[in-house]
1. Most mobile of TRP105, TRP118, TRP264 per a Gaussian network model of the chain (Cα springs, under 10 Å)?
2. Sort out the exposed loop GluC sites (Glu not before Pro) in the chain (DSSP loop, at most 14 other Cβ within 10 Å) and tell me the longest stretch that has none.
3. Can you give me the relative contact order of the chain as a percent, contacts being Cα pairs under 8 Å and 6 or more apart?
4. Could you name the lysines whose alpha carbon sits less than 25 Å from that of LYS51, not counting residues in the same chain fewer than 8 places away?
5. When a/c reaches 1.5 or more, the comparison of a/b and b/c decides; with that in mind, is the stretch 213-264 rounded, prolate or oblate per its Cα gyration tensor?
6. Rounded, prolate or oblate: which fits the stretch 94-229 when a ≥ b ≥ c are the square roots of the eigenvalues of the alpha-carbon gyration tensor, with rounded for a/c under 1.5 and prolate only if a/b beats b/c?
7. Relative contact order for the stretch 126-264: what percent, with Cα pairs under 8 Å and sequence separation of 6 or more?
8. Restricting everything to alpha-carbon atoms, can you work out Rg to Rh for the chain with a Kirkwood hydrodynamic radius?
Amino acid sequence: DSAAWGEQGRWGIESAVAEVNEKGGIGGKKIEVVYEDSQAIPRLAVTAATKLIDIDKVPAIIGDIVSATTLAMAPLVEQKEVVLVGISCSAPAISQAGKFVFRVWPSDNLEGAVAAKWARSKGFQKAAVLHIATDYGQGLAAVFKAGFEANGGKVVFAQAYSQDQTDFRPNLARIKSDSPDVVYLISYYKDAALVLRQAKEVGLKGQFLGATAVENDDLLKLAGNAADGLAYPTIVDFDADHPTKVQSAFISKFAQLHGKKPDWAATHAYDATAVIIQALEAGARSGEEIRAVIDKRRQFQGITGTI
């Protein structure tokens with residue numbers, strides 16, 4: 001269900017690695033990337049990480065895009081002393097996941113607070129929250145609820161749904177009966193499309209507010225005009241329509257190779273890779289050495305700007 005992100009993420013990684021390898025690599029050696037597919041499922045992510053560490057002997061892992069899989073891998077990389085640089089995993093718990101665990105994306109403590117503030121600024125008094133039953137969904141729902149109610153609003157409905165759920169009509173019928181001013185939907189793009197279409201079917205009108213994870217061209221293909229009016233925040237450190245000079249060159253080359261503009265998954269995958277590359281360029285080779293460079297430098301340059 002998250003394959004479109006994985007594809008963009010891989011392209012972002014390949015772009016960062018190609019730039020270095022085209023110049024001869026690091027210390028005369030080319031960087032090699034080994035890919036595994038977590039399918040956004042925690043147990044598969046652990047299996048993939050185990051293979052990468054024990055068989056491929058990698059000192060660092062790029063990913064995951066998803067919070068639940070990142071948190072599932074965290075204890076393993078801590079035990080094996082392998083660096084994990086998350087791409088867009090945003091659950092607040094990742095900040096305390098271990099000294100070998102990093103990310104190039106802000107915590108949902110920021111996004112949830114911004115979403116709540118925006119909803120109240122529009123005058124919405126009553127909110128319903130429908131969220132995916134993962135670390136990502138639960139963490140963001142808690143932050144939004146706290147922020148919305150701290151600003152004088154009331155969350156009248158909050159419910160989780162399973163990652164494989166496809167029929168949301170019962171949830172939406174219940175939400176409709178509570179008559180909220182705004183529905184905060186914490187989902188991925190595929191389930192968001194289903195929710196929006198089914199909301200139209202049951203006659204649930206009003207403002208839908210989404211999370212950053214709905215951002216994907218496939219959302220519009222799957223939801224059609226049911227997506228009309230959907231609002232959501234996104235990370236504004238990279239705007240493909242208003243790029244810097246460096247970003248413009250990156251976008252042009254990316255589009256030539258892949259026939260698409262880079263999205264947030266591609267740009268942040270590029271940046272996660274850049275953090276590791278810059279540690280390697282500083283002489284680090286083992287997981288412990290890479291971790292030490294990241295902790296000491298604290299600041300890296302990526303395609304989205306300063307990390």
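Read-outs: derived from the displayed coordinates by stated rules, not from any lab. This is a predicted model, so every value here is computed, not measured. Quick reminder, even Gly has a Cβ in these numbers, built from the backbone with ideal geometry, and neighbours come from all protein chains shown.
1. Sorting by GNM fluctuation, first place goes to TRP118.
2. Numbers: sites that count: GLU22, GLU32.
The segment 33-307 is the longest one with no such site.
3. On the way: 529 pairs, mean separation 59.2, N = 307.
Relative contact order, the chain: 19 percent.
4. LYS29, LYS30, LYS80, LYS99
5. Details: a/c = 3.29, a/b = 1.72, b/c = 1.91.
Oblate shape, in that a/c is at least 1.5 and b/c is the bigger or equal ratio.
6. Details: a/c = 1.77, a/b = 1.25, b/c = 1.42.
Oblate is the answer for the stretch 94-229, as a/c is 1.5 or above yet b/c matches or exceeds a/b.
7. Values: 195 pairs, mean separation 28.4, N = 139.
Rounded, it is 20 percent for the stretch 126-264.
8. Values: Rg = 20.0 Å, Rh = 20.2 Å.
Dividing the radius of gyration by the Kirkwood radius yields 0.99.
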